[in-house]
Amino acid sequence: MSESKKLKVALIGAGGSVSVHGRSEGFQSAGSWGMQHARIWEARPDVDFCAIVGRNAARTEEKAELYGTRAYTRIADMLERETPDLVSMCLPNQGHFEATLEVIRAGFPLLVEKPLVFDRKEADILLNEAAKRNVFFAINFNHRFAKPVELAHAAIQGGKLGELSFATWRFGGEGSSDHPHANLIETQCHGFDMLEHLCGPIESVMAEMTDKTGGGYRTLSLALRFANGAVGSLVGSYDSSYAYPDTHRVEINGSLGRSVIQDTVKKYTFHSAGNEVGESWEAGYFNDVDREFHRTFDKHADALLRALRDGEAPPVHASAGYRALLIADAAIESYQQGRRVRVNDKI
């Protein structure tokens, strides 16, 4: 792929719903984030944003006109006529499987939104089908690309924290779903991914969950053990609010120091052990890119397109979504059986 050539990118899902093998799949809340996909691909000078796929012809035409691209109501038609270099997918959380499988079997590189899927068997099929075809298969764990996360990762990799002892993750906001474990699978997957990105593989989990507010297990607390011997905790909830300050917090402690991430993009601090004076990062006055949560996706897009052009693996492979589902499954089993459960990794 030439550096000067524009990459053709198509989007499946920017609001409304999409036809998958003749059946419709509703978008629900995926629409608003789907527009972030559209914003990014339309604005990049190195991308030809060639198509949007949606079920409702009139609404899809309207969105396609807004972004200067072409509208389709069937995935197969779009793939045949456009032959995109990358398919970007933003579907309802429980509607990922069939559309993703169709794109993989057609052999097109793709970026999918989290969660990968809700069902382990479906996840196995997607990864196996992609591996058989050597398909470029990325997942959008965009939290990794927040400046505070990058700083924490660099500090850990550089040995500034020393030997890790524990890590904590807390993330709570509003949410609703007809799946009893939606918060765990579709939202706390970011927590599993970030904790493993920073601290290494999670080896086992013990879980407590509550359905006291109705609508499934909307709030949960997990105790974690990492393969390196460190321990951790994760608290997640749909019984909170994203309007609260410090609704997201990550703390990583080691023998030589501590790193803290506040509200994903807001602030990073580091203290060396025993030192009351630390280091901190917050976005400067003109630094809107690192201040804005949505721009973490832009930074991921930079890395993803660079890897695609260079024939390299995705910066965040879909297998990271599989890992998150494995940990979620272990947490559900732990809660149901009242015991510690090892994460069953078959990748």
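List of remarks:
- Using the Cβ-Cβ distance between residue 154 and residue 211 with R0 set to 45 Å, the FRET efficiency works out to roughly 0.70.
- Spatial extent of the chain: Rg and Dmax, with the Cα atoms as the point set, Å: 20.3, 63
- Projected label distance in nm at residue 6 and residue 281, using a 7 Å step from Cα toward the beta-carbon: 3.3 nm
- With contacts taken as Cα pairs under 8 Å and at least 6 residues apart, the chain reaches a relative contact order of 16 percent.
- Among the GluC sites (Glu not before Pro) within the range 141-210, those in coil by DSSP and having at most 12 neighbouring Cβ atoms inside 10 Å are 163.
- Close amide-amide hydrogen proximity is noted between residue 239 and 173, each under 5 Å apart and 5 or more residues distant or on a separate chain (H modeled in the peptide plane; Pro and chain starts excluded).
- Working note: Karplus 6.51/-1.76/1.60 with θ = phi - 60° gives the range 107-118 the couplings x, 9, x, 8, 10, 10, 7, 6, x, 4, 7, 9 Hz, where Gly and Pro are set to x.
- Ascending count of other beta-carbon atoms within 10 Å, so fewest first, for 248, 96: 248, 96
- Within the range 266-347, trypsin sites (Lys or Arg not before Pro) in DSSP loop having at most 15 other beta-carbon neighbours inside 10 Å: 339, 340, 346
- Karplus-derived HN-Hα couplings along the range 51-68 (A = 6.51, B = -1.76, C = 1.60, θ = phi - 60°), whole Hz, x at Gly and Pro: 6, 10, 10, x, 7, 7, 4, 5, 5, 5, 4, 4, 5, 4, 5, 4, 9, x
- Placing +1 on the Cβ of every Lys and Arg and -1 on the Cβ of every Asp and Glu, with nothing else charged, gives the chain a dipole about its Cα centre of roughly 320 debye.
- Virtual paramagnetic centre 7 Å along Cα→Cβ of residue 333, amide N under 19 Å, in the range 180-217: 181-182, 184-186, 189, 192-193, 201-209
- Cα centroid separation - the range 46-92 against the range 105-167, whole Å: 25 Å
- Loop-resident sites, the range 171-228, for trypsin sites (Lys or Arg not before Pro), counting at most 10 other Cβ within 10 Å (DSSP): 212
- Relative packing of 134-143, 274-283, 105-114, which averages over residues the other C-beta atoms within 10 Å, highest first: 134-143, 105-114, 274-283
- Members of 8/114; 63/147; 160/267; 267/299; 212/266; 8/63 lying beyond 25 Å, as alpha-carbon distances in this model show: 63/147; 212/266
- Rounded to the nearest Hz, the phi-derived 3J(HN,Hα) couplings of the range 96-105 under the Karplus curve 6.51 cos²θ - 1.76 cosθ + 1.60 (θ = phi - 60°) are 7, 5, 5, 5, 4, 5, 4, 5, 4, 5, where x marks glycine and proline.
No value in this document is a laboratory result; all are computed from the given coordinates. Since this is a predicted model, take the numbers as computed values, not measurements. Heads up, the Cβs are rebuilt from the backbone with ideal geometry, glycines too, and the neighbour counts pull from every protein chain shown.
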